[in-house]
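The values are calculated or read from the model by the stated rules, or taken from the named source; none is laboratory data. Quick caveat: nothing in here was measured; it's all calculated off a predicted structure. FYI the Cβ positions are ideal-geometry reconstructions off the backbone, even for glycines, and counts take in every protein chain you see.
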Amino acid sequence: MSMILHNQWLCRPISKFIFSNLLPTTYAALVLPPKHVITCSLFVVHATNAPFPPHGVEEFVENDFDEPKVKILKQKVEVLGIRFENSCLPGQYYNLFCPKCKGGELKERSLSFHIVPDREFAMWRCFRAKCGWCGRVFADDKDLYSRSEERLGLEPLGPKLIAYFKERLISEETLSRNAVRQMSDSKTVIAFTYKQNGLLVGCKYRTTGKRFWQGKGTEKILYGIDDISDAAEIVIVEGEIDKLSLEEAGFRNCVSVPGGAPGKVSSKDLPPIEKDTAYQYLWNCKEYLDKAVRIVLATDNDPPGQALAKELARRLGQERCWQVHWPKKDEFTSFKDANEVLKYMGADALKRIVEKAEPFTIAN
Ligand SMILES: [Zn+2]
């Protein structure tokens with residue numbers, strides 16, 4: 001029965017039909033891996049019900065290995081044992097030896113292998129019924145990231161939120177580098193994506209009306225942690241928008257606390273790490289923070305913000321902490337945070353003010 005089905009497939013001409021059938025199946029498998037799907041670090045997927053690509057050995061004419069994406073794909077499939085002796089032109093199907101079943105007794109070239117025309121991924125399937133090995137590898141690892149985003153219901157920022165940030169002098173370039181997104185079913189909800197080693201590990205949402213909440217299962221870490229992975233000098237701010245503001249002023253070595261500020265400084269001794277729940281994000285990032293010799297605290301200019309600076313300094317070691325003093329706005333008030341300074345005084349002024357941070361003293 002299954003052989004008849006295979007033969008039908010083998011007789012089909014190459015067409016987009018193959019893709020439209022294969023893609024949703026494999027894609028769904030990547031998003032929510034069911035039991036029969038194995039995903040490995042190379043993002044290989046085994047799906048049982050993907051159709052068979054057509055048969056046909058192609059002539060090798062050109063050498064496509066020089067193309068960067070084809071090169072990456074080649075390296076990735078070689079790890080899996082797939083070899084293409086000569087060139088493998090995108091958009092064509094090739095019959096190669098299957099590293100799993102080795103083509104059976106007849107030593108058939110049973111592995112149908114294909115690089116999609118835009119070179120984004122390569123896919124294959126062994127057409128021997130007893131084997132049926134299939135999978136995909138991607139030329140760009142970011143694919144994994146964008147799939148995690150889709151799973152969370154995130155999409156790139158639309159014009160409304162881009163305008164919201166523009167009003168706060170945060171550029172599209174900064175938003176894009178920090179992978180700021182919006183919820184796809186609620187286009188006025190900002191999603192600050194929390195990444196570690198380039199992977200999505202959490203998300204904090206914010207309405208334009210300043211309501212916050214956190215994605216389920218979000219890791220307790222600093223926002224922007226990858227930006228301080230090798231920094232000897234770092235800046236800590238009190239909100240994601242302040243981190244983006246610092247970037248506008250030229251500081252990428254900046255992280256934000258994930259959860260705002262405490263009401264006041266605790267009068268008690270520091271609790272042991274495992275009981276220090278409100279600051280777990282610091283201990284989870286200890287490895288990163290330990291490398292910093294100079295830590296500039298640029299929290300908000302209000303009592304909770306100042307309490308936060310003190311609590312951070314207590315944990316990080318006051319001797320390596322510096323504090324930013326936000327300038328006066330007028331006779332009676334001072335600027336509140338990095339974004340307010342950026343908005344009213346500009347990026348250069350913000351840069352100068354951060355550079356003028358003074359050694360932290362508890363009396364501050
Ligand atoms: Zn096979």
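Here the condition is being assigned by TED's automatic domain parsing to the domain that holds ARG315 and in contact (Cβ under 8 Å) with a residue 40 or more places away in the chain; of VAL265, VAL180, it holds for VAL265 alone. With the condition kept exactly as written, say whether any residue in region 336-346 is outside any helix (DSSP H, G or I), touching a residue at least 40 places away in the same chain (Cβ under 8 Å) and touching a helix residue (DSSP H, G or I) at 6+ places or on another chain (Cβ under 8 Å). Yes: region 336-346 contains one or more residues that are outside any helix (DSSP H, G or I), touching a residue at least 40 places away in the same chain (Cβ under 8 Å) and touching a helix residue (DSSP H, G or I) at 6+ places or on another chain (Cβ under 8 Å). Among the conditions (1) within 15 Å of the chain's Cα centre (by Cα); (2) surrounded by 16 or more Cβ atoms within 10 Å (Cβ to Cβ), ALA231 misses just one, which is (1). Out of curiosity, is ASP242 under 30 Å from the mean Cα position of the chain (by Cα), over 27 Å from LYS195 (Cβ atoms) and in contact (Cβ under 8 Å) with a residue 40 or more places away in the chain? So ASP242 does not fit the description; no. Hey, does region 133-155 have a residue that's within 16 Å of the ligand (Cβ to nearest atom), crowded, with 18+ Cβ neighbours inside 10 Å and either within 12 Å of the chain's Cα centre (by Cα) or in a loop (DSSP other than H, G, I, E, B) (or both)? Scanning region 133-155, I find at least one residue that is within 16 Å of the ligand (Cβ to nearest atom), crowded, with 18+ Cβ neighbours inside 10 Å and either within 12 Å of the chain's Cα centre (by Cα) or in a loop (DSSP other than H, G, I, E, B) (or both), so the answer is yes. Residues that are near the ligand (Cβ under 7 Å from one of its atoms) and either surrounded by fewer than 16 Cβ atoms within 10 Å (Cβ to Cβ) or part of a strand (DSSP E or B) (or both) within region 122-132 comprise just one, CYS126. Across region 93-121, which residue is nearest to the ligand (Cβ to nearest atom) among those that are assigned to a loop (DSSP other than H, G, I, E, B) and under 16 Å from LYS71 (Cα atoms)? Among residues in region 93-121 that are assigned to a loop (DSSP other than H, G, I, E, B) and under 16 Å from LYS71 (Cα atoms), the one nearest to the ligand (Cβ to nearest atom) is VAL116.
Taken over region 318-333, the residue count meeting the criterion of being out of contact with any strand residue (DSSP E or B) (no Cβ under 7 Å at 6 or more places or on another chain) and aromatic (Phe, Trp, Tyr) is 1.
Take VAL296 and decide whether it is in contact with an Asp or Glu (Cβ under 8 Å, 6 or more places away or on another chain) and either at pLDDT 95 or above or loosely packed, with under 15 Cβ neighbours inside 10 Å (or both).
Numbers: in contact with an Asp or Glu (Cβ under 8 Å, 6 or more places away or on another chain): yes; either at pLDDT 95 or above or loosely packed, with under 15 Cβ neighbours inside 10 Å (or both): yes.
Criteria met by VAL296.
Of TRP326, TRP283, all but one fail to be under 21 Å from ALA232 (Cα atoms) and either without any contact (Cβ under 8 Å) to a residue 40 or more places away in the chain or of a type in the set (Asp, Glu) (or both); the exception is TRP283. For region 78-92, the set of residues classified as under 10 Å from TRP124 (Cβ atoms) and modelled with pLDDT under 90 consists of LEU80 only.
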